[in-house]
Amino acid sequence: MEIRADRGRCLGAGMCALTAPAVFDQDEQEGLVVLLEARPPQDQQASAHLAAGTCPASAITITERGRPEPS
């Protein structure tokens, strides 16, 4: 999993920081998203998905990386 946060789209609602505080935060000046963990550990991935789904600006993008094919 790889996460990207688009600060240009962010509205500062803070849903990401509330939902996945180990992955997202908000800056103190503008209240915009700060990505703390672009590749979160397994135990943080479900909350990261939830945060992306609750973002009112759709500013969070998650890309799933497939497993390599067996040789």
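Brief remarks follow.
- Accessible-area composition of the stretch 4-71, carbon plus sulfur, in percent [1.4 Å probe]: 49
- Amide H within-cut-off set for residue 32, under 5 Å, with H built and near neighbours excluded: 27
- Loop-resident sites, the chain, for trypsin sites (Lys or Arg not before Pro), counting at most 16 other Cβ within 10 Å (DSSP): 7, 9, 65
- Most mobile of 56, 21, 41 in a GNM of the chain (Cα contacts under 10 Å): 41
- Here's the picture: charge each Lys and Arg Cβ at +1 and each Asp and Glu Cβ at -1 in the stretch 1-44, and of 33, 15, 3 the one pushed furthest to the positive end of that dipole is 3.
- Amide H partners (placed H, <5 Å) of residue 24, local residues excluded: 36
- In the chain, helical runs assigned H by DSSP with n ≥ 4 each contribute -39500 (n - 2.57); averaged across all residues and rounded to the nearest 500, the mean residue ellipticity at 222 nm is -7000 deg cm²/dmol.
- Remark: the chain carries 68 Å² of accessible area per residue (probe radius 1.4 Å; ligands, DNA and RNA excluded).
- The chain: relative contact order as a whole-number percent, Cα under 8 Å and 6+ apart: 42
- For the chain, the mean projected area of the C-alpha convex hull, equal to one quarter of the hull surface, is 4.9 nm².
- Applied to the stretch 10-18, the Karplus parametrisation 6.51 cos²θ - 1.76 cosθ + 1.60 on θ = phi - 60° returns per-residue 3J(HN,Hα) values of 4, 9, x, 5, x, 4, 5, 5, 6 Hz, with x for Gly and Pro.
The values are calculated or read from the model by the stated rules, or taken from the named source; none is laboratory data. Just so it is clear, the model here is predicted, and its values are computed rather than measured. Using ideal geometry, Cβ is built from the backbone for each residue, glycine included, and neighbour counts are taken over all protein chains shown. Only protein heavy atoms, including side chains, enter the accessible area calculation; ligands, DNA and RNA are left aside. Shrake-Rupley method; radii C 1.70, N 1.55, O 1.52, S 1.80 Å.
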